[in-house]
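Notes to accompany the following structure.
Laboratory data are not the source of any read-out in this text; all were calculated from the coordinates shown. Since the structure is predicted, the reported quantities are computational estimates derived from the model, not experimental observations. Cβ placement follows ideal geometry from the backbone for every residue including glycine, while neighbour counts extend to all protein chains displayed.
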Amino acid sequence: MIEQRQFYINGEWVNPVEAKDHQVIDPSTEEPCAVISLGGQADVDKAVAAAKAAFPGWMNTPKDQRIALVEKLLEVYKRRGAEMGEAISVEMGAPIDMASTQQVGAGTWHISNFLKAAKEFDFVRPLGDHAPNDRIIYEPVGVAALITPWNWPMNQVTLKVVAAAIAGCTMVLKPSEESPLDSMLFAEFMDEAGFPKGVFNLVNGDGVGVGTALTGHKDVDMVSFTGSTRAGIAISKNAADTVKRVHLELGGKGANIVFADADDKAVKRGVLHMMNNTGQSCNAPSRMLVQKGAYDQAVETAAEVASKVTVGNAHESGRHIGPVVNEAQWNKIQGLIQKGIDEGARLVAGGLGRPDGLNKGFYVRPTVFADVSNDMTIAREEIFGPVLTMIPFDDEEDAIAIANDTDYGLTNYIQTQDGSKANRVARQLRSGMVEINGQSRGAGAPFGGMKQSGNGREGGVWGIEDFLEVKSVAGWTNDAEPAE
Ligand code: NAD
C-alpha cells in the first residue's frame, strides 16, 4: 500500500497542517491501494502564498528559460512514463497497456505541442501599422488554481500546468481525490525538471474542502477547471465574489451523425470510440444518430461490436476495457441503464449488473440502447460509462436539430463520404469541436466546448492564451524593446 500524505509546496514535500487520511481505492479490486491526506484552508493558504511570492520572478523569467524548463520536464516525463502508466492504471482503472500508451501519451503530446506553440508565440506585438507606438503585451494572469478530474488525469494536468507555466503564471494544482497518485508523480517530475520553488504547488483534497478554498481565495487570480458541469457552476459562483477569471471544461453528450452514405467502418469505429476508457471521456460519441435506411443494419453491427468488447482487470495486459472509477459511478450508471429500460429504449447489448465472471470490481457491461428518442434521460444525461444510445433520423436538417438539442456542446462527429455535406453540417453543429470520418484533431488544435460544456480552450496556442491577460500600451519607444 502506498502512503503519500504530503503536499508539494514551495519546492518541498510538506506535511498537511491537519492530518486527514483518505484511502484511494483500486477500482479493479475494490481494495485500497494508497493513503493520501485531504488538505484544508491552512494548506491552501500556504500553497497560494508560495505561488504569489514566486509570481513576480516567474513572470519576468525570459520565455526561453521557461521553455527550457518545460523541455526538461518533457525529458523526465518520457523517461518515467512507465511509472506514470502504473499510477494511472491502479487508481482510476485504465488497463495498463492503454494507460501506458493513450493516457500517458496524451501528456507527452500536449507538452510537445505547447513547446512548439511557445516558441512561435509573441508575447509583445505591434497593434498595427496605423499605430506604430502601440504595443499589445500578453502578460500572465497571476496565481492560477488548477482543478482536474480523474478520467484522463495526465491529459488534464499537462494541459493546465504546462500552459500556465509557459504563460508565466504560478499555480496550485488540486487533482481529483480519486486519482492523486499520478499528480504526485508529476510533482516529482516538475521538481526534477528544476522549476523555481513556488511556481508549481500541489495540494490534495476534495471539492468541498480544498476545491472551495482555492476557488474562493482572494489571492488566486484565475481558476482553470475540468470536471462536471455541476462542479463548474459551483466554482463559478464561488469565484464571483473575487472576480476571478474562470475557465471551464465540462461534460458532454456528443452526437455521432452516421449518414446512410458513411463508410463501412463508421458504426464499428463509433462503438469502439464510445467504449474507449470505459466510456469515461467528456468527448465520447455517446449519441449515435443513424439515418433511417442504414439504421437497422447499424443497430445490428453496434450490438455485435459491443458484445465483443471484453472487460477485465486493469492490471492485466490486453485490449480489454477496465472497470469504471468508483462505486458511486457504478451505481449511477446502473441507475441510468435501468432508466433507459423503463423509458422504453430497446436494449440490444449488455445491460444491468457486472459482466459474467467478474464479481468484484466496478465492472460494467458494454451496453447499447437502440430506438432512443432524444428526450429520454439516457440521451440527455452524461452517463460516463460504456453505454451507447442510438437514435434514428430522417435527413440532414433532422440530424442537425437532434445533435444540437442538448445542454452540452463539446464534440460532435460526422460520418459521410460526401465532403460538402460533412463541411456543411460541421458549420451548423453547436460544439467546440467536430471530427469528420474518424479524423482526430491535429497537433495544437484547441480543445473546449460551448454551452454547458464550458468556455475555455486548452492545448496549443489557445491553451497558452487562456492563462494570459492582454495589456494595451500606447506611447511605446520602438528602439528600446525589452526581451520577452
Ligand atoms: P467532478 O466535477 O466531480 O470533479 C472534478 C474535480 O473538481 C475534482 O478534482 C473534484 O475534487 C473537484 N470538485 C468537485 N466539486 C468541486 C467544488 N464544488 N469546488 C471545487 N472543486 C470541486 O468531476 P469528475 O467526476 O472528477 O470528472 C468527470 C467529469 O469531468 C465529467 O462530467 C466529464 O465530462 C468532465 N470532463 C470534462 C473534460 C473537458 O475537457 N471538457 C475533460 C475530462 C472530463
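Peptide packing: for 34-42, 229-237, the average count of neighbouring Cβ atoms within 10 Å per residue gives the ranking 34-42, 229-237, highest mean first. Of the peptides 251-260, 191-200, the ranking by mean beta-carbon count within 10 Å, highest at the top, reads 251-260, 191-200. Among the DSSP beta bridges whose two residues both lie in the chain, what percent are antiparallel, rounded to the nearest 5? Antiparallel: roughly 40 percent of the beta bridges in the chain. Can you tell me how the chain classifies by the Cα gyration tensor, rounded, prolate or oblate, using a/c under 1.5 as the rounded cut? Note, shape of the chain comes out oblate. Can you tell me the orientation of helix 327-342 relative to the chain, as the angle in degrees between its alpha-carbon axis and the longest Cα principal axis, to the nearest 10? For helix 327-342, the angle is close to 40 degrees. Using only side-chain charges placed at the Cβ, +1 for Lys and Arg and -1 for Asp and Glu, the dipole size of region 255-436 relative to its Cα centre rounds to 640 debye.
Under a model in which nothing but the beta-carbon of Lys, Arg (+1) and Asp, Glu (-1) is charged, the chain shows a dipole of about 240 debye around its Cα centre. For every other residue with a beta carbon closer than 12 angstrom to the beta carbon of Asp261, add +1 if it is Lys or Arg and -1 if Asp or Glu, then tell me the sum. Overall, the nearby charge balance is -3. Each peptide in 302-310, 444-452, 91-99, 203-211 receives the mean, over its residues, of other Cβ atoms within 10 Å, and ordering these scores from highest gives 91-99, 203-211, 444-452, 302-310.
For region 407-478 versus region 188-229, the spacing of their alpha-carbon centroids is 25 Å. Over every Cα atom in region 255-436, the radius of gyration and the widest Cα-Cα span, Dmax, amount to 15.7, 50 Å. The alpha-carbon of Lys265 sits under 29 angstrom from the alpha-carbons of these lysines, leaving out residues fewer than 8 places away in its chain: Lys253, Lys292, Lys308, Lys421.
Cross-link pairs exceeding 22 Å between alpha carbons, from the set Lys78/Lys160; Lys72/Lys197; Lys78/Lys116; Lys119/Lys244; Lys63/Lys197: Lys119/Lys244. How would region 97-252 be classified by its alpha-carbon gyration tensor: rounded, prolate or oblate, with rounded meaning a/c under 1.5 and the a/b versus b/c comparison settling the rest? Oblate shape, in that a/c is at least 1.5 and b/c is the bigger or equal ratio. Among beta bridges from DSSP that stay inside region 255-436, the antiparallel ones total about 15%.
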